[in-house]
Amino acid sequence: MTTISANLQAVIARIEAAARQFGRNPDDISLLAVSKTWPAADVHEAALAGQKSFGENYVQEGADKATTLAALKEGASVAHVTVNGLGERAGSCPLEPLALSLEALYGQSTGIVLNKLTELSKLVEELSRFPVPPIKPVVGNKLFGWETGLPSSLWTNAKTENPLIMLPYHYSLTGREEPVLYIGKKSGKDNVKYWLAKTGLSLDDEGEKTLLQKVKDLSISLKRDLNEDEFRGLVSRVKEESACNQ
């Protein structure tokens, strides 16, 4: 029995025990597994172990993909899709997540070169003049990256050992570059260290603490994360203030 299967059975046993303790029928209780951030292989394994219901963010964006996958499973030979989901009214089923789901989750060869999906999406975005939302599944330009301190620190530690600890699939699979750490109001010390290294700048430990607070204050004021020029400006200000205090 695999770890996922064993964990699933253990959770089901706890649910059944709790239900009986309070005089309820265990069959009246449904277990909803959270699939967000988990690799497709793990979700597939949980499904094979008997888990039927999964919870996912942005369900409204998944309805067309779910129905298309269901149709293909039942024998449909053609999926009607468009790049970036372009189409009148509510749009069409987007090619990118459907192809990724068929390949990664169901093991079905589509003949589609997955690592060209991002490049294709950008080309259609340019030609159609319909911008792709930054967190659009598979092709959004801010899909792989973090501003918040804790996941930024986790990624710093996990990216060389096992990036799939933090990602549902490897970013290179769809032609993406390595995830980045943004700098803003929710950032932590590892975001600051990442940006100092990125810009070739340096501060002592106390300077980094001062810089982090200035980053948060400016980000709150601007209501967005900071760009490189703004970050460099804050580093210069910290150095100037440190020199004046000596």
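The values are calculated or read from the model by the stated rules, or taken from the named source; none is laboratory data. If you're wondering where the values come from, they're calculated on a predicted model, not measured in any experiment. Quick reminder, even Gly has a Cβ in these numbers, built from the backbone with ideal geometry, and neighbours come from all protein chains shown. Just so you know, the surface numbers come from the protein's heavy atoms only, side chains and all, with ligands and any DNA or RNA stripped out. Shrake-Rupley method; radii C 1.70, N 1.55, O 1.52, S 1.80 Å.
A few notes on this one:
- Meets criteria (open to solvent by 60 Å² or more (accessible area, probe 1.4 Å) and of a type in the set (Gly, Ala, Ser)) for GLY111: yes
- Count - residues of the range 121-139 that are assigned to a loop (DSSP other than H, G, I, E, B) and in contact with a helix residue (DSSP H, G or I) (Cβ under 9 Å, 6 or more places away or on another chain): 7
- Residue list for the range 144-187, restricted to those being farther than 24 Å from VAL34 by Cβ, surrounded by fewer than 17 Cβ atoms within 10 Å (Cβ to Cβ) and not β-branched (Val, Ile, Thr): SER172, GLU177, GLU178
- Residue check for LEU196: modelled with pLDDT of 95 or more and not acidic (Asp, Glu): yes
- Every condition in (1) open to solvent by 30 Å² or more (accessible area, probe 1.4 Å); (2) under 30 Å from GLY85 (Cα atoms); (3) among the small types (Gly, Ala, Ser); (4) free of Cβ contacts under 8 Å to residues at least 12 places away in the same chain is met by SER221 except one, and the failing one is (2).
- Residue ID - nearest to the chain's Cα centre (by Cα), chosen from residues in the range 189-208 that are charged (D, E, K, R) and surrounded by 15 or more Cβ atoms within 10 Å (Cβ to Cβ): ASP190
- Residues of the range 196-231 that turn out to be closer than 14 Å to TYR182 by Cα and among the charged types (D, E, K, R), as a count: 8
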